1. Quick one: which of LEU390, LEU431, LEU435 is in the same structural domain as THR488 (by TED's automatic domain parsing) and touching a residue at least 40 places away in the same chain (Cβ under 8 Å)?
2. When you scan segment 448-459, do you find a residue that is touching a Lys or Arg at 6+ places or on another chain (Cβ under 8 Å), buried (at least 24 other Cβ atoms within 10 Å of the Cβ) and in contact (Cβ under 8 Å) with a residue 40 or more places away in the chain, even just one?
3. For the condition more than 15 Å from ASN164 (Cα to Cα) and in a helix (DSSP H, G or I), what is the one hit in GLU84, GLU152, GLU130?
4. Being outside any helix (DSSP H, G or I), surrounded by 12 or more Cβ atoms within 10 Å (Cβ to Cβ) and modelled with pLDDT of 80 or more, is that true of even one residue in segment 169-183?
5. Residue by residue through segment 382-425, note down the ones that are over 20 Å from ALA347 (Cα atoms), surrounded by 16 or more Cβ atoms within 10 Å (Cβ to Cβ) and not aliphatic (A, V, I, L, M).
6. For segment 475-571, give me every one of the helices (runs of 4 or more DSSP H) that falls completely inside it and has 3 or more residues that are free of Cβ contacts under 8 Å to residues at least 40 places away in the same chain and over 24 Å from GLN462 (Cα atoms).
7. Of (1) more than 20 Å from PRO91 (Cα to Cα); (2) without any contact (Cβ under 8 Å) to a residue 24 or more places away in the chain, SER209 satisfies all except one. Which?
Amino acid sequence: MSSRKSEKMGDGLASESDLLSMINEYLKFAEFEETVKVFEKEARRKGKPVLRSAGHSRRDSKTIGIHDDFLSSFNDGDYKVFSELWAKTIPPEIRDFDPVAQKLEFYLQIHFTIYPLKSPVGSHDKGEFENRITHFKHYLETRGAALSQTTEFLPFYALPFVPNPTIHPSFQELFHDSWMPELRERLEKFLSVTLKASNTPRLLTLYVSFLSIQQMQLHLTEAERKSAICMRRFTKLQADHHNLIGITAELVDSLEATVRGKMISPEYLQGVCMRLFSGHMRQSAAQSVDFTRPGTGYYSMSPYDDGYVSCLSSCLACMTMNVPLLPSLDYEKLKKDLVNGSDRLKALLLQALRWRLTRSLHGEQRDTVLQAFISNDLLERYSSKQKTVLNLMKSKNDVVRQYMARLINAFASLCDGRMYLSQIPSLLRFLLDSLKTEEKESVTRENVLAAMQKLSLRRAQQSAMIRDGLIGWLVKELHDSDCLSDYTLEYAISLLMNLCLRTQGKKKCAEEAKHVLIVLTELLGHENHEIRYYVNGALYSILSMPEIREEAKQMSMEEILRCYTKEENSELNRQIEFIIKQLNSVDIPELEPESDDEEDDDDDDEEDVMEADLDKEEVLQPQPKELSGESLLTTEYLGVNITLQQWSQPWSWRHPNTAHFACLLSLMHQFQVLKSLLSRVGNHCPTVYL
């Protein structure tokens, strides 16, 4: 027992001696000469462990000695001594990962391998050369294998198989008088840089390593957040994949049964349809299919088609054929009526335009719709008029304001749409005013908040929101979270987290640190895990500020956080552990310089997601015989420059005033086919003009 006790005491003294030595070493490195004298004197007076010699000057002399030993073994061709020095002195992270070190090591291996062949003619040590060739082969198969695909080194992999390298044309350069001095010069430069770096005081090295760990933890948390989002998307895709496999197997069985003469019930087909389109169409539409009448089906998923089509044939068409493009519109007339029309017309147009985005099929069709909106400047970002489409956000009519907010939210759901919105200087001011004036839990305010959260993915918009005091408004709203819907709460806390990732955002939170911490702490136990992920992200981010950490410690934040680690959700528990580590970290400066002036939008890498909530609770319903949706757009606002490709699409024309246009389309389509046939004849046919 006494021996173990003395052993532990010895370890403690050694650790204390190490710590005192590191402090003494750093003071000397920083040239605190008077402080060093006082420190050493007091250490001796208190009987502390003897300070180990770690003076900077002594380390310099040691470095010089190592440098000389390297060069001496290089000149003598002593690869054993050189290898020991290389392994012992050069840090592993440099030896194994630094390209300069790896290339230099390769040439050094060649130098020591051919060294016996560089002695005077007649005195070559063949035995030693063969031993070194064996060693070189081992190197090529192990550490040197990483460079086997590099053109520069590829010829040297044949060196072990050449009987006499001194006369081989591929290796003549190695035996030139200048090769060894040049390699020695490269070695000296490498050693001067590497050994100088090793002179850094151990205390400073530990501190830098700590900062790196903190930074890596921050990156890890962000990577885990993105990974969780991707995992949820993957899970959904996987579920859809399994669902499709199951449906396919059932349909194959049904086809086989039909061949054998068995009847398939309408209820079965309706069930298949509902399962197939459960994630892509409204359930009411699937349930409205009348399978007892052959040839009838559900309403087309494409907004340009007002007719009914066969359920399964439409399904296959959507999945296997190119989706037709929508007809172009007269955007000048549209914008004029949006500004000067009646409130009823404005609302109907805003609804129809939004449906063009939300009900278009993901991919080429939706991209074409969005690009048409942007290229025709639907929201009039370049307009110098005093009253523009965007002014509808201030309309006295509640429905107009709501449908304008819905359209902006739809734009913000797509990456290109966010880029377009970010180029409208007055947009954020309109949205902020709307947030502060609209009634709580109104659909208008929900859509405005969702649009701002999506815009906060872009750096310039983040900066503008922080400058306009949005963080204070969000904290105030979240303080009364019980009165907020999950939709509003989720977008509000997500928006707050995005703003807290910025240096200026953290500083804004530090101005009212206690209030912010109280609000976030109250949300830690929310039953919605998605909301808790955002709360954890915001907490971790703002706790990088020393003043916020100090306030959190006064609130006993760690004890509060520990209460939430007893749940079964391992992912949330892991996030809380990171927050606690951040809370207990030392006061360190910002790891990166403030970058708030660099408005780089490369961080907007989120996937385009068009939410179903964009079309929820439609308060605007068309009256009998009133045009709405795509019918309104294609009847009253059809564009004049329509391409032949668009004209040839199979539209359904239900209104009498468009019948003559349908005939024209048919003629143009036939003419296009005729022109295509004539073009195949070659130069002998006359030129055809359209």
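1. Matching residue, one of LEU390, LEU431, LEU435: LEU390.
2. yes
3. GLU84
4. no
5. Of everything in segment 382-425, those that are over 20 Å from ALA347 (Cα atoms), surrounded by 16 or more Cβ atoms within 10 Å (Cβ to Cβ) and not aliphatic (A, V, I, L, M) turn out to be SER413, CYS415, GLY417, ARG418, TYR420, SER422.
6. Filter on segment 475-571 gives 546-554, 557-563.
7. Unmet for SER209, out of (1) more than 20 Å from PRO91 (Cα to Cα); (2) without any contact (Cβ under 8 Å) to a residue 24 or more places away in the chain: (1).
Matching residues to (1) in contact with an Asp or Glu (Cβ under 8 Å, 6 or more places away or on another chain); (2) under 14 Å from LEU187 (Cα atoms); (3) free of Cβ contacts under 8 Å to residues at least 60 places away in the same chain:
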{"site": "ASN75", "(1), (2), (3)": "no, yes, no"}
{"site": "ASP78", "(1), (2), (3)": "no, no, yes"}
{"site": "TRP86", "(1), (2), (3)": "yes, yes, yes"}
{"site": "ARG95", "(1), (2), (3)": "yes, yes, yes"}
{"site": "ALA101", "(1), (2), (3)": "no, yes, no"}
{"site": "LEU104", "(1), (2), (3)": "no, yes, no"}
{"site": "LEU108", "(1), (2), (3)": "no, yes, no"}
{"site": "HIS111", "(1), (2), (3)": "no, yes, no"}
{"site": "ILE114", "(1), (2), (3)": "no, no, no"}
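The values are calculated or read from the model by the stated rules, or taken from the named source; none is laboratory data. What you see is a predicted model; the values in this text were computed from it and never measured. Note that each Cβ is placed from the backbone with ideal geometry, even for glycine, and that neighbours are counted across all protein chains shown.
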